[in-house]
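The values are calculated or read from the model by the stated rules, or taken from the named source; none is laboratory data. All figures in this text were calculated on a predicted structure; none of them were measured in a lab. Positions of Cβ are backbone-derived with ideal geometry, glycine not excepted, and every protein chain shown enters the neighbour counts.
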Amino acid sequence: MSTFIRRLLILVFLLIGTSLASLWIGEIKGWNTAVILHIRLPRVLLGIVVGTALATAGAVYQGLLRNPLADPYILGTSSAGTFGALVATILNYYFAYTLYIFSIGASFLSVLLVYRIATTRGRTPIQTLILAGVVSSTFFSALVLLLFTLFRRESFSVLFFMLGSLSTAGSGWPILVSALLSLIGVLIAVIYARDLDAMSGGEEDAIHLGINVERTKQILFFSSSLLVGSSVALAGSIGFVGLIIPHILRLLIGPSHRQLIIGSAVGGAFFLVLMDLLARTLFSPVEVPVGVFTSLCGAPFFIFLLKRKQKELVF
Amino acid sequence: MITAKNVSFGYEEAFHLQDISFQLERGGFWGIIGPNGSGKSTLLKLLSKIIAPQQGIIELEDRPLKQFGLKELAGKMAFVGSEAQFSFPYLVSDVVLMGRLPHTGRIQSHTDRDFDVVNSVLKKTETYEFRDRYIHELSSGERQRVLLARALAQEPQIILLDEPTAHLDLHYEIEIFQILKLLNKQDQLTILAVSHNLNLIAEFCRTLIVLDRGKCREIGSPAEILTDALLREVFRIESRISPNPFSKAPAILLNTGSPGS
């Protein structure tokens with residue numbers, strides 16, 4: 001059995017273990033079918049879907065932008081998707097379609113915009129990318145706050161949208177839609193993974209290896225928007241999952257993107273289910289939005305990577 | 001193998017390349033020389049379909065280059081640049097395996113033949129011993145040989161090289177050209193290389209294209225076309241050309257104006 005398969009299996013077991021623990025642990029002790037089936041199970045499933053989606057999107061962004069600091073949250077894609085989801089909600093077209101169309105569409109447009117701003121002559125320097133991401137993220141967060149102020153909705157909390165939470169898991173079928181959309185996103189990413197390997201030496205280099213770089217970029221930006229949009233539509237913008245997980249996986253199973261993407265998909269699910277378990281039990285009975293926890297882990301991690309990267313690049 | 005007919009590239013009045021024509025036969029070992037900004041890299045970009053000519057036509061095996069898909073083209077033509085920076089820590093064997101992409105379907109996994117090809121090109125470029133090391137840990141000379149191995153893994157009929165030895169010391173520079181010469185001889189690989197090292201180019205290439213401000217100044221064998229006058233006019237250097245006592249190829253002795261001792 002190859003090292004990759006072995007490590008992937010370990011991640012799968014970790015995911016299953018954490019999920020089972022999450023079903024069992026909570027404020028209401030003991031076996032309570034209603035709580036486990038209708039409250040904890042949807043939440044664990046949502047955690048799996050969102051964690052998979054965000055980590056995969058992070059791996060794709062990092063490959064596309066040839067930049068290990070890219071992540072849906074840092075690039076502002078999550079905020080844009082959140083904004084789209086909120087617009088859909090306020091427009092009162094609270095059918096799943098519009099929700100997804102708006103959040104995926106906004107994610108897609110914002111990532112293209114950030115990419116355009118940050119790229120000159122086929123290069124995407126780390127500084128401009130992060131700046132463009134910060135600007136986009138701040139802009140869309142401001143829009144989200146504006147909409148909240150103008151259209152006060154009792155049923156949604158600002159915290160939920162801005163920091164991300166899995167607490168509104170609710171009914172099963174939106175989770176199913178998100179799961180299907182994410183699955184499509186992951187599959188596209190896996191199919192185009194070798195293109196990302198070829199692009200790691202630069203875009204012209206990839207063309208010499210026979211890759212249609214422009215088409216690959218469009219397809220992968222779209223697939224990552226499917227992932228980000230379908231997850232923020234239900235969970236708001238949860239930060240740093242897409243940064244941390246691909247990094248750890250790159251250390252564990254190497255940089256080849258096919259394995260990295262599959263590994264990140266499983267690793268992201270495990271990480272988010274674990275974080276959510278902590279978020280809802282650590283300060284019980286008070287529940288913290290899971291985004292608080294991922295950002296508390298992620299921000300220092302980001303600084304660490306940035307400092308390490310600084311040694312290689314001249315700022 | 002490759003034919004260029006009246007090829008021009010540029011914007012409005014300022015042409016980067018103007019009216020270039022040549023016919024490179026299979027098995028040729030050609031060099032492109034010219035001062036900075038003479039259009040050498042532009043010519044390689046045109047030949048490898050990174051950019052398209054505004055005028056003229058380029059043909060590969062008597063078919064217009066336009067008709068080739070990028071993937072099909074990559075299976076016939078490979079490219080080695082002066083440096084490639086990898087954004088992630090790939091193993092040398094992973095990098096060389098990327099050269100199999102033109103022959104691999106999207107969903108297909110790599111076959112035994114892919115790994116056989118990788119092993120054989122690693123050996124040809126004397127990089128087999130580094131196959132389990134990280135690409136960014138290698139010295140420039142080792143890394144260029146790995147990139148050459150990746151290009152060979154594409155199983156091309158022609159290989160374009162844009163200053164492949166730009167960052168290398170003389171030893172590694174000669175080594176790269178010796179490997180190219182062997183490939184040219186043994187595998188009938190067609191080679192077209194850009195280099196600033198005129199002595200090395202004159203030593204190894206059988207035909208030279210001299211570019212000067214976007215125009216083709218001369219095409220011919222090094223012995224025919226390398227003259228004191230050409231070097232003065234095109235490269236703006238004072239020199240004397242005399243045969244290399246070892247190989248009889250034209251060697252350039254520079255007159256830098258420094259006083260003799």
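Restricting attention to region A:207-229 and to residues that are in contact with a Pro (Cβ under 8 Å, 6 or more places away or on another chain) and farther than 15 Å from A:Q62 by Cα, the residue that is surrounded by the most Cβ atoms within 10 Å (Cβ to Cβ) turns out to be A:L209. Of all residues in region A:165-192, those being at the interface with chain B (Cβ under 10 Å from one of its Cβ atoms), β-branched (V, I, T) and free of Cβ contacts under 8 Å to residues at least 40 places away in the same chain number 1. What number of residues within region B:133-158 satisfy the criterion of being under 14 Å from B:F86 (Cβ atoms) and polar (S, T, N, Q)? Of the residues in that region, 2 qualify. Taken together, A:I248, A:I244 contain a single residue that is touching a Phe, Trp or Tyr at 6+ places or on another chain (Cβ under 9 Å) and without any contact (Cβ under 8 Å) to a residue 24 or more places away in the chain, which is A:I248. When region B:15-36 is filtered for residues that are within 17 Å of the chain's Cα centre (by Cα) and on the phi > 0 side of the Ramachandran plot, the ones remaining, listed by number, are B:G27, B:G34. Tallying residues that are surrounded by fewer than 21 Cβ atoms within 10 Å (Cβ to Cβ) and not in a loop (DSSP other than H, G, I, E, B) within region A:23-50 yields 12. Within region A:241-248, the presence of a residue that is within 13 Å of chain B (Cβ to nearest Cβ) and over 27 Å from A:L163 (Cβ atoms) is excluded.
Can you name every residue in region B:173-224 that is in contact (Cβ under 8 Å) with a residue 60 or more places away in the chain, among the charged types (D, E, K, R) and over 30 Å from B:Q55 (Cβ atoms)? Scanning region B:173-224 gives a single hit, B:K181.
Considering region B:1-104, the qualifying strands (runs of 3 or more DSSP E), each wholly inside and each with 3 or more residues that are under 19 Å from B:C216 (Cβ atoms) and more than 11 Å from every other protein chain (Cβ to nearest Cβ), run over B:2-11, B:14-24, B:29-33, B:55-60. With a requirement of 1 or more residues that are more than 14 Å from chain A (Cβ to nearest Cβ) and of a type in the set (A, V, I, L, M), the helices (runs of 4 or more DSSP H) lying completely within region B:105-219 that satisfy it span B:112-124, B:170-186, B:198-204.
Quick check, is B:L230 of a type in the set (A, V, I, L, M) and part of a helix (DSSP H, G or I)? In short, yes. The criterion of being among the polar types (S, T, N, Q), in contact (Cβ under 8 Å) with a residue 60 or more places away in the chain and touching a Gly at 6+ places or on another chain (Cβ under 8 Å) holds for A:S78.
Answer yes if at least one residue in region A:96-107 is touching a residue at least 12 places away in the same chain (Cβ under 8 Å) and within 14 Å of chain B (Cβ to nearest Cβ), and no otherwise. The answer is no, given that none of the residues of region A:96-107 is touching a residue at least 12 places away in the same chain (Cβ under 8 Å) and within 14 Å of chain B (Cβ to nearest Cβ). Considering region A:193-235, the qualifying helices (runs of 4 or more DSSP H), each wholly inside and each with 2 or more residues that are within 7 Å of chain B (Cβ to nearest Cβ), run over A:193-199, A:203-208. Of the residues that make up region B:177-191, is at least one farther than 30 Å from B:A14 by Cα, of a type in the set (S, T, Y), out of contact with any Gly (no Cβ under 9 Å at 6 or more places or on another chain) and surrounded by 14 or more Cβ atoms within 10 Å (Cβ to Cβ)? No. Among the residues making up region B:13-32, those that are modelled with pLDDT under 95 and crowded, with 22+ Cβ neighbours inside 10 Å are B:L17, B:I20.
The single residue among B:A251, B:A229, B:A149 that is more than 17 Å from the chain's Cα centre (by Cα) and surrounded by 17 or more Cβ atoms within 10 Å (Cβ to Cβ) turns out to be B:A251. Checked against the criteria, A:L159 does not count as surrounded by fewer than 18 Cβ atoms within 10 Å (Cβ to Cβ) and modelled with pLDDT of 85 or more. Residues that are of a type in the set (K, R) and either farther than 14 Å from B:I33 by Cβ or free of Cβ contacts under 8 Å to residues at least 60 places away in the same chain (or both) within region B:227-256 comprise B:R232, B:R240, B:K248, listed in sequence order.
To keep it simple, each residue is scored yes or no on (1) out of contact with any Cys (no Cβ under 8 Å at 6 or more places or on another chain); (2) in contact (Cβ under 8 Å) with a residue 24 or more places away in the chain; (3) surrounded by fewer than 17 Cβ atoms within 10 Å (Cβ to Cβ).
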site: B:D62; (1), (2), (3): yes, yes, yes
site: B:K71; (1), (2), (3): yes, yes, yes
site: B:S82; (1), (2), (3): yes, yes, no
site: B:M98; (1), (2), (3): yes, yes, no
site: B:D116; (1), (2), (3): yes, no, yes
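Taken as a whole, region A:266-280 holds no residue that is assigned to a helix (DSSP H, G or I) and either farther than 24 Å from A:L20 by Cβ or within 14 Å of another protein chain (Cβ to nearest Cβ) (or both).
Count, please, the residues in region A:262-313 that happen to be among the aliphatic types (A, V, I, L, M) and touching a Phe, Trp or Tyr at 6+ places or on another chain (Cβ under 8 Å). Residues meeting the conditions: 4. Taken together, the criteria exclude B:L44 from residues that are closer than 23 Å to B:L198 by Cα and touching a Phe, Trp or Tyr at 6+ places or on another chain (Cβ under 7 Å). A:R308 fulfils the conditions (1) under 19 Å from A:N67 (Cα atoms); (2) part of a loop (DSSP other than H, G, I, E, B) except for a single criterion, (2). Touching a Gly at 6+ places or on another chain (Cβ under 8 Å) and without any contact (Cβ under 8 Å) to a residue 24 or more places away in the chain: is that true of B:L17 in this structure? So B:L17 does not fit the description; no. Within region A:51-89, can you find the residues that are part of a helix (DSSP H, G or I), more than 8 Å from the chain's Cα centre (by Cα) and within 14 Å of chain B (Cβ to nearest Cβ)? A:A59, A:V60, A:Y61, A:Q62, A:G63, A:L64 - these are the residues of region A:51-89 that are part of a helix (DSSP H, G or I), more than 8 Å from the chain's Cα centre (by Cα) and within 14 Å of chain B (Cβ to nearest Cβ).
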